[in-house]
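Since the structure comes first, as structure tokens, the remarks are kept for the end.
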């Protein structure tokens, strides 16, 4: 018997957190189960993380840049819900990441 899809997802999420210098969770609304799992792995492995609610603030780009610098993040894990679960998040995420560049 092989791993379930759920178990593979958790393992991949865990490894992404471990392999990165920090995790940026881009979200809209309540944290999804997957985003919450990512946050919990970051806490468990004492990795820096930042949750940005894309629909909320104009100060988020500055806060994120500051967080990236303070934590000396060179390998960033970006997480968040999928478009099918949060309509509009794909475009909002692209716009946010473009504004960081």
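Here, each number is a calculation from the coordinates, and none is a lab measurement. In this text, all values refer to a predicted model and were calculated from it rather than measured experimentally.
As an exercise, take the mean of 1/r over every pair of distinct alpha carbons in segment 5-100, invert it, and state the Kirkwood radius in angstroms.
Result for segment 5-100 stands at 13.6 Å.
Which one, 38, 23, 75, has the greatest fluctuation when you compute a Gaussian network model over the chain with C-alpha springs under 10 angstrom?
With Cα springs under 10 Å in the chain, the top fluctuation among 38, 23, 75 is at 75.
Between 0 and 90 degrees, rounded to the nearest ten: what's the tilt of helix 5-19 against the longest Cα principal axis of the chain?
For helix 5-19, the angle is close to 50 degrees.
Taking the Cα atoms only, what angle lies between the long axis of helix 89-100 and the longest principal axis of the chain, rounded to 10 degrees?
50 degrees
Would you work out the relative contact order for the chain, in percent, from Cα pairs under 8 angstrom that are 6 or more residues apart?
About 36 percent, as a whole number.
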